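Worksheet: the structure to be examined is printed underneath.
The values are calculated or read from the model by the stated rules, or taken from the named source; none is laboratory data. This one's a predicted model, so the numbers in the text were calculated from it and none came from an experiment. Every residue, glycine among them, receives a Cβ derived from its backbone with ideal geometry; neighbour counts consider all protein chains shown. Note: accessible area is taken over every heavy atom of the protein model, side chains too, but ligands, DNA and RNA are not part of it. Shrake-Rupley method; radii C 1.70, N 1.55, O 1.52, S 1.80 Å.
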Amino acid sequence: MTTRTDAPTRREQILKEAARLFAERGFHGVGVDEIGAAVGISGPGLYRHFPGKDAMLAELLVGISGQLLTGAKTRLREAEGATSPEPLLDSLIEGHIDFALDDRPLITLHDRELDRLRDTDRKLVRQLQRQYVELWVEVVREVYPELAEPSARSAVHSVFGLLNSTPHLGRPGSLPGRGATAELLHRMARGAFGAAASGG
């Protein structure tokens, strides 16, 4: 996930293509030569940027978990002093939707390849994800104070499942435009939280 407007670095290009190829064909189905060809360098040239495919996978999965958490904390800081938590929840949802629509290969990678990470990297991903979830739980309970903490946590995980379903939504061109899809996902996320709260 990125908000950069300048040209991506070679390292970022490599990671983007690695994510796409890993998601399409599996981690073991892709060689360094293919990743290099996708960015216009030789396979061995990749080793100037990464020690190997394992390092690319770790940086992709640890990196996106860290970016999601950092983005959520930034939105939280920007909302300090607000009279209502509603805009903050909407902002969190929007941020996650941006990730879900723009970084679909990373969702697929997480689902399929997380277990391939070294224990230390996998534990770091889980730690970052837990912090991200708990930040959401706090905001959701401010918006829906009638929602008990365990129920709020379950609702957050359910909404993540909904938003992270984007790799399965269909082929490019078979969906409404990005804006319409984002609006639909946002309405569904808020509807899910509202339904959880109405059930106690």
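Given the options THR108, THR120, THR70, state which has the largest fluctuation in a GNM of the chain using a 10 Å cut-off (strictly under) for Cα springs. In this elastic network of the chain, the residue with the biggest mean-square fluctuation among THR108, THR120, THR70 is THR120. Considering only GLY26, GLY45, GLY177, the Gaussian network model of the chain with Cα springs below 10 Å gives its largest mean-square fluctuation to GLY177.
Rounded to the nearest percent, how much of the accessible area of the chain (1.4 Å probe, protein heavy atoms only) is carbon and sulfur?
52 percent
Normalised radius of gyration (Cα atoms, divided by 2.2 N^0.38 Å) for the stretch 17-62: 1.02. Take the chain, mark every one of the trypsin sites (Lys or Arg not before Pro) that falls in a DSSP loop and has at most 16 other Cβ within 10 Å, then report the longest stretch left between them, sites excluded. No qualifying site falls inside 5-117, the longest such stretch. Between 0 and 90 degrees, the angle of helix 119-143 with respect to the longest Cα principal axis of the chain falls at about 30 degrees. Over the chain, the hull volume per residue, using the convex hull of the C-alpha atoms, is 135 Å³.
Since only TYR144, GLY26, ILE107 are under comparison, the one whose Cα sits farthest along the positive direction of the charge dipole of the stretch 1-156, derived from C-beta charges on Lys, Arg, Asp and Glu, is GLY26.
Would you mind calculating the relative contact order of the stretch 38-183 from Cα pairs under 8 angstrom and at least 6 residues apart, reporting the percent as a whole number? Don't skip to the answer; put the middle values down first.
On the way: 87 pairs, mean separation 43.9, N = 146.
It comes to 30 percent, rounded to a whole number.
The residues of the chain expose on average 53 square angstrom of accessible surface per residue, using a 1.4 Å probe on protein heavy atoms. Rounded, prolate or oblate: which fits the stretch 91-152 when a ≥ b ≥ c are the square roots of the eigenvalues of the alpha-carbon gyration tensor, with rounded for a/c under 1.5 and prolate only if a/b beats b/c? Oblate, because a/c is 1.5 or more while a/b does not exceed b/c. Evaluate E = 1/(1 + (r/R0)^6) for LEU76 and LYS123, where r is the Cβ-Cβ distance and R0 equals 25 Å; express this FRET efficiency to the nearest 0.05. Computed FRET efficiency for LEU76 and LYS123: 0.55.
Under 15 Å from the Cβ of GLN127, count the other residues' Cβ atoms, weight Lys and Arg +1, Asp and Glu -1, and hand me the total. Present the calculation step by step, with values, prior to reporting the outcome.
Values: positive: LYS73, ARG118, ARG122, LYS123, ARG126, ARG130; negative: ASP119, ASP121, GLU134.
Charge balance in the 15 Å sphere: +3.
Would you kindly calculate the mean projected area, averaged across all directions, of the convex hull enclosing the Cα atoms of the stretch 100-188, in square nanometres?
Computed as one quarter of the Cα hull surface, the answer is 6.8 nm².
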